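Enquirer: Once you've had a glance at the structure underneath, I'll fire off some questions.
The values are calculated or read from the model by the stated rules, or taken from the named source; none is laboratory data. Predicted model only: the values in this text are computed from it and were never measured. Quick reminder, even Gly has a Cβ in these numbers, built from the backbone with ideal geometry, and neighbours come from all protein chains shown.
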């Protein structure tokens, strides 16, 4: 039996909101590189990513190229109506910025 003093807050899961799923994962960056880790985060948030040398945007997390093939560089990000959270913005600090474009329209957060 539970003691009478147990409250809802004592029994809640460790991460109550979505922020734990959208934080920067430094181990993932070490494993796959900053560009790939950032792309994974963006896709989880509903954004689109276009790799340098590619004509199409990736919208689906499962459409990402297999890990380890070669180094990818993000050339363009379309975050229209994406749910990007500030907790994940440090991903952008490790990117190789080139002539690409980063677009935010109808940004709710």
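Enquirer: Hey, could you check the stretch 68-88 for residues that are surrounded by fewer than 12 Cβ atoms within 10 Å (Cβ to Cβ) and modelled with pLDDT of 70 or more and say which is nearest to residue 57 (Cα to Cα)?
Expert: We begin by selecting, within the stretch 68-88, every residue surrounded by fewer than 12 Cβ atoms within 10 Å (Cβ to Cβ); these are 68-71, 86.
Within this subset, residues satisfying the condition of being modelled with pLDDT of 70 or more are 68, 71, 86.
Numbers: 68: 20, 71: 17, 86: 23 Å.
The extreme case among them is 71.
Enquirer: Tell me yes or no: at least one residue of the stretch 9-29 is assigned to a loop (DSSP other than H, G, I, E, B), surrounded by 10 or more Cβ atoms within 10 Å (Cβ to Cβ), modelled with pLDDT under 85 and out of contact with any helix residue (DSSP H, G or I) (no Cβ under 6 Å at 6 or more places or on another chain). I'd like the intermediate steps shown before the answer.
Expert: Within the stretch 9-29, the first condition is being assigned to a loop (DSSP other than H, G, I, E, B), and the residues that meet it are 12-17, 22-25.
From what's left, surrounded by 10 or more Cβ atoms within 10 Å (Cβ to Cβ): 15, 22-25.
Next, only the ones that are modelled with pLDDT under 85 stay: 15, 22-23.
Checking the rest, the ones that are also out of contact with any helix residue (DSSP H, G or I) (no Cβ under 6 Å at 6 or more places or on another chain) come to 15.
Yes - at least one qualifying residue is present in the stretch 9-29.
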